[in-house]
1. Give Val250, Val210 a once-over and let me know the one that is at pLDDT below 80 and either closer than 16 Å to Ser168 by Cα or open to solvent by 30 Å² or more (accessible area, probe 1.4 Å) (or both).
2. Just for the range 297-316: of the residues that are modelled with pLDDT under 90 and assigned to a strand (DSSP E or B), which one is least open to solvent (accessible area, probe 1.4 Å)?
3. Which residues, taken from the range 126-148, are open to solvent by 20 Å² or more (accessible area, probe 1.4 Å) and of a type in the set (A, V, I, L, M, F, W, C)?
4. Whether any residue in the range 65-78 is among the aromatic types (Phe, Trp, Tyr) and under 21 Å from Cys239 (Cα atoms) is what I want to check.
5. Let me spell it out: the conditions are (1) surrounded by 16 or more Cβ atoms within 10 Å (Cβ to Cβ); (2) modelled with pLDDT under 95, and Pro226 meets all of them except one. Which number is the exception?
6. Might you check whether a residue that is of a type outside the set (Val, Ile, Thr), modelled with pLDDT under 95, open to solvent by less than 50 Å² (accessible area, probe 1.4 Å) and closer than 22 Å to Tyr228 by Cα occurs anywhere in the range 67-79?
7. Taking Asn182 as meeting all but one of (1) open to solvent by less than 50 Å² (accessible area, probe 1.4 Å); (2) among the polar types (S, T, N, Q); (3) out of contact with any helix residue (DSSP H, G or I) (no Cβ under 6 Å at 6 or more places or on another chain), write down the number of the exception.
8. (1) over 17 Å from the mean Cα position of the chain (by Cα); (2) surrounded by 16 or more Cβ atoms within 10 Å (Cβ to Cβ); (3) of a type outside the set (Lys, Arg); (4) not in a strand (DSSP E or B): which one isn't true of Ser294, the others all being true?
Amino acid sequence: FKVFRMNLQLVAAAVIIFAVTGILQVQRFAGVMEETSREQNAVIMDTMTESMHRGATESLQKYVQSQSKVLNAEFWTMQHDLKVLARQVEMVLEHPSEFSPLPVPSPSEAAPGTLSLQLLYSDDADISDPELKEDILCVGTLRNMMLEIVEGSKSLLDCMVSLPEGASIIVDNKPELKIGENGEVLTYNADRRPWYAGAVVHKGIYYTPVNPDNYSNGYEVMAGIPVYVDGKLAEVCGCSVLMNDLEQIVIKSKLGDNFDSCLINENGNVIYSSRQEGELGTDSNTLKSLKESSNADLVTLVNKALDGGTGFSLIKLDGKETYIAYAPIETVGWTQLLMVPKRELNRTAYLLASLTNAVLEDNIAESHTTAERTINRTI
């Protein structure tokens, strides 16, 4: 019995030592597995997030560049048509005998909304001036060309040729708006309009800031180019595009509800923004330059953007970390901005991180369950 009891004690001690050792090993193994899994997950997430962020920022930059090229193409076409028209006007005025004069009618209410050639005078025009009448007849020969310029464009509102003596030959589809309440034809003082004055001062193509349309409640951007004959200003050709049409192009450039687009001109003024309020909103920035903003990071970004380059920055905008990609619209010297909150740009990475973490936690929980089951069986 003494021998049996001694052997039983030895066996019991061995079993207890084995069980305790096994339990400690299982617990240690479970801890190592958890620690390893978390470390691996951290490395994977860092690599994945960095890769996805880099891809997202590159895509955003490429996208804003492609959209700015769309706007640039619109203005390039506008500029090209204007230069061609100016060249034709110059030829007509230099060689009037080679062209058949064509009368230019006054605006009429008979066909509202119809694209037509119309003649308007300024308040100071001498309607009886024979030279003015002759120049009007000469420009009238370009009727079909002017109609084709406006009709063939998706965004042009009108085109016109204005004489320094006070007559303007206009093509648009709003003749009825040029008739007053008493049936009289309204005057048009082209020399007081920004597109005319700017073209004369710059002696070349000139794009105006956004200004009210002369005949409607809309806003427009106009371009003007002077025509000189024998060194003397002979006429100024101009055309305009409605901001609504430009806005539609900009709106289409939005990638989603969390992305915003903005146009700023060469002076840093907001021309259009999908945001109504805030540091890049239209309500507070149309009359002042963004260069005067109290946000130093925004001022730095705007200055870089207006230098004509493309780029991508992370700044605080309206108190939130926001990515802003920018690209130039070279024809007019403007810049397009595309903004997205930092969290929205990284949303996919955050989503994948949460899913990966959920899988990790499930695996860890399963390893703990397995360890507890092993311990229980060992006991």
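1. Values: Val250 fails: either closer than 16 Å to Ser168 by Cα or open to solvent by 30 Å² or more (accessible area, probe 1.4 Å) (or both).
Result: Val210 is the single residue among Val250, Val210 that is at pLDDT below 80 and either closer than 16 Å to Ser168 by Cα or open to solvent by 30 Å² or more (accessible area, probe 1.4 Å) (or both).
2. Among those residues, the one meeting the criterion is Gly311.
3. Quick first cut of the range 126-148, residues open to solvent by 20 Å² or more (accessible area, probe 1.4 Å) only: 126-131, 133-135, 137, 141, 143-145, 147-148.
Result: Ile127, Leu137, Met145, Leu147.
4. So the first thing to find is which residues in the range 65-78 are among the aromatic types (Phe, Trp, Tyr), and the list is 75-76.
Those still in the list that are under 21 Å from Cys239 (Cα atoms) too: 75-76.
Yes, the range 65-78 contains a residue that is among the aromatic types (Phe, Trp, Tyr) and under 21 Å from Cys239 (Cα atoms).
5. Answer for Pro226: the failing condition is (2).
6. yes
7. Only one criterion in (1) open to solvent by less than 50 Å² (accessible area, probe 1.4 Å); (2) among the polar types (S, T, N, Q); (3) out of contact with any helix residue (DSSP H, G or I) (no Cβ under 6 Å at 6 or more places or on another chain) is unmet by Asn182, namely (1).
8. Here Ser294 meets the rest and fails (2).
The values are calculated or read from the model by the stated rules, or taken from the named source; none is laboratory data. Just so it is clear, the model here is predicted, and its values are computed rather than measured. Quick reminder, even Gly has a Cβ in these numbers, built from the backbone with ideal geometry, and neighbours come from all protein chains shown. Side chains are part of the model used for accessible areas, which takes the heavy atoms of the whole protein and leaves out ligands, DNA and RNA. Shrake-Rupley method; radii C 1.70, N 1.55, O 1.52, S 1.80 Å.
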